[in-house]
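Coordinate-derived values only; no laboratory data. Predicted model only: the values in this text are computed from it and were never measured. Reconstructed Cβ throughout: ideal geometry from the backbone, glycine too, with neighbour counts over all protein chains shown.
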Amino acid sequence: MSELPKGWAKANLLALCQPKQWKVISTAELTEAGYVVYGANGKIGFYSTYTHEHPTLMITCRGATCGNLHVSEPRSYINGNAMALDNLAEQATSIGYLRYALLARGLTDAITGTAQPQITRQSLSDITIKLAPLAEQTRIAANARRTAGPGQYPESPHRRHPHAAQTLSPVRPRRCRFWAVDG
């Protein structure tokens, strides 16, 4: 495997956050107004309480779209069909960088099951990502957002961006290709 650039480190996902599936709210329990509820594939309705005060990265953990990534709005309820990546270690990474690092890496190796694909906390325990220094993480995430444009970077590792290395390369070509390809 390639040597890490100076200042970079490899980190296990579970050292960076605490994946958790919250209680599933049935469609009958949704309300007309209130706090946004996120299901496996994004917003599904409203509820009277929320599970997350701040934006939170979540992974679709059941079904055909298993492995999709979304970021919640503040004060949202993240339903049990999505794995919330709670308690992010902000001294080590940011939500934006972690999202793009996981998109570039892909999560197909964390998906288990055949009839009903799923991702569990256990299957996430072997996921590692490459961490740039925090200042560089900020530049990488901002560049990826700016270059891809709204809605153009795929939410799913099944539809990985065909030009991930090129999309990130203007920040630092050698490091970004390394980051996106070697996950």
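Some notes on this structure:
- Lysines whose Cα lies under 23 Å from that of Lys23, excluding same-chain neighbours fewer than 8 positions away: Lys43
- Simple spin-label estimate for Thr138 and Lys20 gives 2.8 nm between the two label positions (7 Å along the Cα-to-Cβ direction from each Cα).
- Spin-label model, Ser94 to Lys6: label points 7 Å out along the Cα-to-beta-carbon direction sit 2.3 nm apart.
- Cross-link partners for Lys10 among the lysines, with Cα-Cα distance under 23 Å and sequence neighbours closer than 8 places in the same chain left out: Lys20, Lys130.
- Site pair Arg75 and Asp126 shows an inter-label distance of 4.2 nm when each label is modelled 7 Å from Cα along Cα→Cβ.
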